[in-house]
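Data block below; observations after.
The values are calculated or read from the model by the stated rules, or taken from the named source; none is laboratory data. Predicted model, so just to flag it, every value in this text is computed and none were measured. Backbone-built Cβ (ideal geometry, glycine too); neighbour counts: all protein chains shown.
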Amino acid sequence: MYRETQILKAVPSNIANDFDDNNEMIINVGPQHPSTHGVLHLVITLSGETIKNVEPHLGYIHRSIEKMCESLSYRQFIYVTSRMDYLSSHINNHGCALCVEKGLQIEVPARAKVIRVLMDELTRLASHQLWWGAMAMDVGALTPFFHAFRERETINDIMEETCGARLTMNYMVPGGVMVDLHPNFQTKTKEFIALFKSKIDEYDELVTGNIIFQNRMKDVGVLSKEDAISYGCTGPTARASSVSCDIRKLYPYEVYNQLQFDEVIETGGDCYSRYLVRMREMRQSLSIVEQLIDNIPEGEFQAKTKAVLKLPKGEFYSRIETARGEFGVYIISEGATTPYRIKFRSPGFSNLSALNHMAKGYKIGDLVAIMGSLDLVIPDIDR
Amino acid sequence: MSNEELKIKLSELFPSAVFEEGGEWLTFLVEPTNWKTIAQQLRSSNDFDYLFCVTGVDWKTHLTMVYHLTSTTHRHTLVIKSKLDRNNPEIETVSDIWRTAEFHEREAYDLFGVKFLNHPDLRRLFMTDDWKGWPLRKDYEDPINMIKL
Amino acid sequence: MGASSLIVLIIAAIAFSAGGIAVAKILVKGTKNPQKGQAYECGIPTAGSSWNQFNIGYYLFALIFLIFDVELIFLYPWAVVVKKVGMGALVEIIIFLFILFMGFLYAHKKGALKWM
Amino acid sequence: MLSLESITNSIHAWLNNTFNPTLALLLEFVIVGTCAIGLFTVLGLVLVLMERKVSAYMQIRLGPNRVGYGGSMQTLADTLKLAVKEGLTPDGADKFLFNLAPFIVIIISMLILAPIPFAKGFQIWDMNIGVLYVSAVSSVSVIGILMAGWASNNKYSLLGAMRSGAQIVSYELSAGLSILSIIVLTGSLKISDIIASQENGWWIFKGHIPAVIAFVIFIIAVTAETNRAPFDLAEAESELTAGFHTEYSGMKFALFFLAEYVNIFIACSLGAILFLGGWMPLHIGNWSGFNHIMDFIPSSIWFISKVFFLIFVIMWFRWTFPRLRVDQLLNLEWKYLLPISMFNLLLMTLVAIMGWHF
Amino acid sequence: MFLSDYISEIFNATKSLLKGMRRTGYYFTHHKQIITQQYPDVKQILPERFRGEVVMTHDEKNEHACTGCTACELACPNGTIKIITKFDILPDGKKKKAIDTFIYHLELCTMCNLCIEACPTDAIKMAQNFEHSVYDRSQLTKTLNKPGSKIKEGIE
């Protein structure tokens, strides 16, 4: 049924030609490597320990989601997007739902809007927590990973209770959310807020302030503002290079324009700035959750929609801010029940394209730190 | 800048410009042959510095390349569409203007078979180097990996 | 026990490791295929031998510190007799370390202590 | 009182009385060899379990808790698992060197056991250059690591070996200087003399601030020399997968693993001997009542507990800190540790000559 | 000044390292903070909305509420559900559509909940079982309607 395992070629021919220089060494990092968080394959050209060139090889978990979606209805295709960026699956689903709603011109009930934003921010928190642990693990500190998971687990429990799943929730549907909030949601979320407020200072104590960590991160993988824009970086990666690109601020969706929060911007452009952006973003997300948790309006959680959704002929693009950056859904409809073509603009793909530029001239240990600070999720890149 | 203003401005810049109506953003149809010069002018005169989405669409009779451009200073968005011949799709690369295009164009080459002229490193991105066919085209058949529901 | 104990320890070490490996050899009936014999490089066949010329940075670095290490050996006999010799030993060692430190600064100035 | 010293003496006497001298010597050798192997095994089992438990508690989890009481047999089970694993040799490797490397590493760590006094008078060979011997032989283990990395014909291994080569040589320097600052006080390289000089107080207390500085530098240098985090660049798993022992599997890997832990033990026992008085009990000045109680605790307990305390500190480092980068490792050595320890040695000389220490 | 900078640098660095060590040391000594779950011994009770697998509810009379309308089959994005219908002959001679077998491929299921949403009679629901591992893939293909079960009275 499945294609037989293909024997992989060692290196593409155009790199192998440069191999004559004796000081250079070509080394593969990934697909089975502890620091690539998945099946990213990097072909690195080294001179001693200094990186000359990094070339990402993708496609190890390419599932052709875009092609799959062409045969799925507008209700069905949303679940697939959870499998792209599995750490912010909620936000991906949200982006798809927004795009379908844009096409159908459905007005989402106020309650559903708030629930969506709450879930988005909780997902962002969970994603950043995992990133924090993985980031520390990349630079060699193993303990923070477990500490991060302790808080992440509470979020997962909240999600599990309301949405029914821990990672790939499929909670958003066109017109609202699938089920109403669980009665325990508010109390549990408040407990989590109290817990996390005390723990986020521990994060700083354990990792942020650590002199070794700071030395590993500062002035490493510098990405200038122009380069960040040119490479199409979004999310914390770009905001660390002082590019204002928070979709929640620039093109507010749902209730973001009524909320008090800052767009976190750092100016360094190095790994440490990217680290700080995410750390500060966690506090911002926490404050958003705090603002909303007591103000969930009563009412319907789902708008009335037809059983079979048909988008009018046309093109629809919606953008949303995931934990990694701008996620775009581009639907081309021919008026049928299934999309004619869907394109997912994933944040990780563009962020990864800047990796070579960032890592050139640094050490192999820095590459790991840079990859960690980019917060790559490989299914998001491969799609 | 609103769509109308942008349209007026672009009409001044490119007198022969063709626009497509409908849609959220202004859509600008370009010929693949002069796409490179238009791209350079868009980048320099109108400050479209951020290319956030590049994709191809297979319309069974022809292919279309779609570029979504935006400006990080003025916040206006423009959609560029370019019609390509399906049997020999060729278009100039813009990877030297927006470097993010390098990967996005490789993706489009991989999945649609669009050849980007002067691209620095046009190879398969997701598929293996010896893969046959262009998977996102509508007539692509793979009896092994595709399961018809 | 005297120096002969070292020979005993060497024999014990060899017996220990050889014993362990022998036990593994007896217990395990391994299979062999071409994939198994490949060097691990994240599942990708390696390009070229890794026995190529290596960046000189490592050697230079080791070399300089080796010199310092040898100098350090000279300090051991001195340290043993410091208390007996008294103040003279301090003066001598200040001169010795000063010269050593100058050499160190020279190496630093030349950039030998920068990782390449 | 039954002490280890009296047991060894009585065994020695009994052997010499019952057998002729050659046979007695041979039997003694056999006993020493068996004891060393036994110690090796026990150390491996205990330290690996300790590492796992320490890491678990720091990471708010339980750690091994299934095999045996509280997971006490976990390492044994792991050893068994490693024993029944196939020891692969890659096709491209230099087979002779590849198989030789674990032997060298084990021989070196076994050799350093010789001058370690586990209790009063319980020492394999009390040589007169004991400290020098330990620091000299321990740096030979880098040859084993280099050999392993080079012979594997694997790029990760090669990088790891190169790193560890440069690293161990350089940290040898500051470790040596901090050892010297204690030698200045004791005036002898013989380990029994060093311990005897701490009868009325350990050097870390008697030697003022220079001794404390020397102790801190020693611990840092020793952490680096044993390739432990935050200096585990030779096997940095997020960078080089497993560094110099990437290609090793089964029992050969177990030997590297074991040697690493025995090296930690030896390094920490050297620290305990030099700074914490070896097997000497804790004595506070002339407070005879307290001192008397302390004397009741057997010397072996004192030694082992001091060593394990130091091992715990090193493990604590590992489970708290991120890893340094290669050039930062070097920076730390030449910019901070080396000048400070040089200056500290002068200070200590002054203290020793003026007799300011207690 | 160079020397005071040097010393304060060392001092601050040491302080930051000690801070981290204090944190890990705290957790080392406070065993009540341990969060390990002893999974096979202590099983967590999952919330009722947890999506583990699709089951069909049967009451004590071995009756279910599935009319065989195939709404779930259509809603499923990956062909997890296959309904085979048959025609029951009612006492009055009329034919009535009913399910013969409700085949559920757990190995294909992504727990997206769309079938449950689509079901007009609430015949299927999500169970909280999550221990699905089996030795053979074919064991994951399940028939949800129990043998001999029939549709409840009054459900169309």
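Which residues, taken from segment A:302-328, are in a loop (DSSP other than H, G, I, E, B) and over 25 Å from residue B:69 (Cα atoms)?
Residues satisfying the conditions are A:303, A:304, A:305, A:306, A:307, A:308, A:309, A:310.
Tell me, yes or no, whether segment D:266-276 has at least one residue that is within 14 Å of chain C (Cβ to nearest Cβ) and either on the phi > 0 side of the Ramachandran plot or part of a helix (DSSP H, G or I) (or both).
Yes, segment D:266-276 has at least one match.
Would you check which residues across segment E:114-144 are in contact (Cβ under 8 Å) with a residue 24 or more places away in the chain and in a helix (DSSP H, G or I) and list them? Step through it out loud before you land on a result.
So the first thing to find is which residues in segment E:114-144 are in contact (Cβ under 8 Å) with a residue 24 or more places away in the chain, and the list is E:114-130, E:132, E:137, E:140-144.
Within segment E:114-144, E:114, E:115, E:116, E:117, E:118, E:137, E:140 qualify.
Only residues that are within 14 Å of chain E (Cβ to nearest Cβ) and among the aliphatic types (A, V, I, L, M): list them for segment A:179-209, please.
Selection gives A:179, A:181, A:195, A:200, A:206, A:207.
Got a number for residues in segment E:122-139 being out of contact with any Cys (no Cβ under 7 Å at 6 or more places or on another chain) and under 21 Å from residue E:85 (Cα atoms)?
Counting residues in segment E:122-139 that are out of contact with any Cys (no Cβ under 7 Å at 6 or more places or on another chain) and under 21 Å from residue E:85 (Cα atoms) gives 2.
Quick one: which of A:359, A:336 is crowded, with 23+ Cβ neighbours inside 10 Å, more than 22 Å from residue B:54 (Cα to Cα) and more than 10 Å from chain B (Cβ to nearest Cβ)?
Criteria check complete, one pass: A:359.
Could you pull out the residue among D:49, D:23, D:15, D:39 that is assigned to a helix (DSSP H, G or I), farther than 19 Å from residue D:113 by Cβ and under 17 Å from the mean Cα position of the chain (by Cα)?
D:49
Looking at segment A:140-251, what helices (runs of 4 or more DSSP H) fall wholly within it and have at least 1 residues that are among the polar types (S, T, N, Q), touching a helix residue (DSSP H, G or I) at 6+ places or on another chain (Cβ under 6 Å) and within 30 Å of residue B:69 (Cβ to Cβ)? Spell out how you get there, then give the answer.
Working: elements: A:143-163, A:185-203, A:211-217, A:225-230, A:235-239, A:247-250.
The qualifying helices (runs of 4 or more DSSP H) are A:235-239.
Identify the single condition in (1) closer than 30 Å to residue A:339 by Cβ; (2) away from chain A (no Cβ under 12 Å); (3) exposed (fewer than 14 other Cβ atoms within 10 Å of the Cβ) that residue E:79 does not satisfy, given that it satisfies every other one.
(2)
Can you pull out the residues in segment A:199-247 that are among the β-branched types (Val, Ile, Thr) and out of contact with any Pro (no Cβ under 7 Å at 6 or more places or on another chain)? Quick ask: steps written out before the conclusion?
Applying the first criterion (among the β-branched types (Val, Ile, Thr)) to segment A:199-247 yields A:200, A:207-208, A:211-212, A:220, A:222, A:229, A:234, A:237, A:243, A:247.
Passing the criteria: A:200, A:208, A:211, A:220, A:222, A:229, A:237, A:243, A:247.
Since residue D:136 meets every condition but one in (1) crowded, with 18+ Cβ neighbours inside 10 Å; (2) facing chain C (nearest Cβ under 10 Å), which condition does it not meet?
In the conditions (1) crowded, with 18+ Cβ neighbours inside 10 Å; (2) facing chain C (nearest Cβ under 10 Å), residue D:136 misses (1) alone.
Quick check on segment B:118-129. Is at least one of its residues without any contact (Cβ under 8 Å) to a residue 12 or more places away in the chain and either away from every other protein chain (no Cβ under 12 Å) or of a type outside the set (D, E, K, R) (or both)?
Yes, segment B:118-129 contains a residue that is without any contact (Cβ under 8 Å) to a residue 12 or more places away in the chain and either away from every other protein chain (no Cβ under 12 Å) or of a type outside the set (D, E, K, R) (or both).
Exactly one of these conditions fails for residue D:115: (1) more than 7 Å from chain C (Cβ to nearest Cβ); (2) part of a helix (DSSP H, G or I); (3) surrounded by 23 or more Cβ atoms within 10 Å (Cβ to Cβ). Give me its number.
Evaluating residue D:115 over (1) more than 7 Å from chain C (Cβ to nearest Cβ); (2) part of a helix (DSSP H, G or I); (3) surrounded by 23 or more Cβ atoms within 10 Å (Cβ to Cβ) leaves (2) as the failure.
Taking the options D:60, D:106, name whichever one is at pLDDT 85 or above and facing chain C (nearest Cβ under 9 Å).
Testing whether each residue is at pLDDT 85 or above and facing chain C (nearest Cβ under 9 Å) leaves just D:106.
Look through segment D:316-331, keep the residues that are modelled with pLDDT of 85 or more and in a helix (DSSP H, G or I), and return whichever of them is nearest to residue A:370 (Cα to Cα).
Among residues in segment D:316-331 that are modelled with pLDDT of 85 or more and in a helix (DSSP H, G or I), the one nearest to residue A:370 (Cα to Cα) is D:318.
Quick one: which helices (runs of 4 or more DSSP H) lie wholly within segment A:52-114 and hold at least 1 residues that are more than 11 Å from chain B (Cβ to nearest Cβ), buried (at least 23 other Cβ atoms within 10 Å of the Cβ) and of a type in the set (Phe, Trp, Tyr)?
On the way: elements: A:65-69, A:77-81, A:89-104.
Because the criterion is at least 1 residues that are more than 11 Å from chain B (Cβ to nearest Cβ), buried (at least 23 other Cβ atoms within 10 Å of the Cβ) and of a type in the set (Phe, Trp, Tyr), the helices (runs of 4 or more DSSP H) in segment A:52-114 that meet it are A:77-81.
Looking at E:23, E:51 in this structure, which one is under 21 Å from residue D:56 (Cα atoms) and either buried (at least 18 other Cβ atoms within 10 Å of the Cβ) or touching a strand residue (DSSP E or B) at 6+ places or on another chain (Cβ under 7 Å) (or both)?
Just a single option satisfies the conditions, and that option is E:23.
Considering only residues that are of a type in the set (S, T, N, Q) and touching a residue at least 12 places away in the same chain (Cβ under 8 Å), which ones fall in segment D:42-65?
Result: D:55, D:59.
May I ask you to verify whether residue D:345 is under 19 Å from residue D:178 (Cβ atoms), crowded, with 17+ Cβ neighbours inside 10 Å, touching a Leu at 6+ places or on another chain (Cβ under 8 Å) and within 14 Å of chain A (Cβ to nearest Cβ)?
No.
All but one of (1) modelled with pLDDT under 85; (2) part of a helix (DSSP H, G or I); (3) at the interface with chain C (Cβ under 10 Å from one of its Cβ atoms) hold for residue D:153, so report the exception by its number.
(2)
Would it be correct to say that residue D:151 is buried (at least 24 other Cβ atoms within 10 Å of the Cβ) and under 22 Å from the mean Cα position of the chain (by Cα)?
no
Condition first: buried (at least 16 other Cβ atoms within 10 Å of the Cβ), away from every other protein chain (no Cβ under 14 Å) and more than 21 Å from residue E:20 (Cα to Cα). Can you find one or more residues in segment A:210-221 that meet it? Write out each step before concluding.
First, pick out the residues of segment A:210-221 that are buried (at least 16 other Cβ atoms within 10 Å of the Cβ): A:210-217, A:220-221.
With away from every other protein chain (no Cβ under 14 Å) added as a condition, the list becomes none.
No: zero hits.
Please tell me if residue B:108 is surrounded by 21 or more Cβ atoms within 10 Å (Cβ to Cβ), closer than 19 Å to residue B:6 by Cα, more than 9 Å from chain A (Cβ to nearest Cβ) and of a type in the set (Gly, Ala, Ser).
When the stated conditions are applied, residue B:108 does not pass them.
Hey, does segment A:289-302 have a residue that's within 28 Å of residue A:66 (Cα to Cα) and surrounded by fewer than 22 Cβ atoms within 10 Å (Cβ to Cβ)?
So in segment A:289-302, the residues within 28 Å of residue A:66 (Cα to Cα) come out as A:302.
Keeping just the survivors that are surrounded by fewer than 22 Cβ atoms within 10 Å (Cβ to Cβ) gives A:302.
Yes, there is a match, as at least one residue in segment A:289-302 is within 28 Å of residue A:66 (Cα to Cα) and surrounded by fewer than 22 Cβ atoms within 10 Å (Cβ to Cβ).
Taking the criterion of being hydrophobic (A, V, I, L, M, F, W, C) and over 23 Å from the mean Cα position of the chain (by Cα), would at least one residue in segment A:130-142 satisfy it?
no
Does segment A:20-43 include one or more residues that are outside any loop (DSSP other than H, G, I, E, B), touching a helix residue (DSSP H, G or I) at 6+ places or on another chain (Cβ under 8 Å), more than 10 Å from every other protein chain (Cβ to nearest Cβ) and modelled with pLDDT of 85 or more?
For segment A:20-43, residues outside any loop (DSSP other than H, G, I, E, B), touching a helix residue (DSSP H, G or I) at 6+ places or on another chain (Cβ under 8 Å), more than 10 Å from every other protein chain (Cβ to nearest Cβ) and modelled with pLDDT of 85 or more: absent.
Provide a single number: the residues in segment D:239-259 that are surrounded by fewer than 24 Cβ atoms within 10 Å (Cβ to Cβ) and not hydrophobic (A, V, I, L, M, F, W, C). Don't jump to the end; show me each part of the working.
The first filter runs over segment D:239-259 and keeps only residues surrounded by fewer than 24 Cβ atoms within 10 Å (Cβ to Cβ), leaving D:241-242, D:249-250, D:253, D:256-257.
From the residues that got through so far, the ones that are not hydrophobic (A, V, I, L, M, F, W, C) too are D:241, D:249-250.
Result for segment D:239-259: 3.
Considering only segment E:30-46, I want to know if a residue exists there that is surrounded by 12 or more Cβ atoms within 10 Å (Cβ to Cβ), within 14 Å of chain A (Cβ to nearest Cβ) and under 30 Å from residue E:152 (Cα atoms).
yes
Going by the conditions given, is residue D:211 assigned to a helix (DSSP H, G or I), more than 12 Å from chain C (Cβ to nearest Cβ), touching a residue at least 60 places away in the same chain (Cβ under 8 Å) and buried (at least 23 other Cβ atoms within 10 Å of the Cβ)?
Yes: the conditions hold for residue D:211.
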